[in-house]
Amino acid sequence: MVIFLIFILVVINCCAQIFLKLGPIKTNKVPFLSFINLHTFVGYALFLVSTLLSVYLLQFISFKNLTIVISLNYVGTFLLTILLLKEKFSRQKLISTTIIILGVIIYNL
């Protein structure tokens, strides 16, 4: 059950970041309105749900393991933006993702 909730947490975080990325793209040219739209609201709502789920999961797993999961959210978001938003696969993004994965491995030693 806990592993399933961790998976749900990762999916919620990745979706929240995707919605926040879509927010400014799907608005008018007025800068302030990029923060007031449905995509941005859904992104922040999903982050609220993920925060509450993280606090709940701390009852069952250690903080160290939860930080590993949260770090890997960026890798999932990187992959989803390539698949869903058709973003380009750049060298800088690959290096950043590799650094995150290496950091998780070193932190876990």
Seminar exercise, completed: Per-residue ellipticity at 222 nm attributable to helices in the chain (runs of n ≥ 4 DSSP H, -39500 (n - 2.57) apiece, nearest 500 deg cm²/dmol) works out to -26500 deg cm²/dmol
Problem set entry | Kirkwood Rh in Å, taken over the chain so that all alpha-carbon pairs contribute | 15.1 Å
Exercise. What is the chain's relative contact order, in percent, from Cα pairs under 8 angstrom and six or more apart in sequence?
Worked result: 29 percent
Exercise. How high is the FRET efficiency between Phe35 and Lys64 when r is their beta carbon distance and R₀ equals 30 Å, given to the nearest 0.05?
Worked result: 0.30
For this session: Per residue of the range 6-13, in order, report the coupling 6.51 cos²θ - 1.76 cosθ + 1.60 (Karplus, θ = phi - 60°) as ³J(HN,Hα) in whole Hz, putting x for Gly and Pro.
Result: 5, 4, 4, 4, 5, 5, 4, 4
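No value in this document is a laboratory result; all are computed from the given coordinates. This structure is a prediction, so every number in the text was calculated from the model and none was measured. All Cβ positions, even for glycine, are placed from backbone atoms using ideal geometry, and neighbour counts span all protein chains on display.
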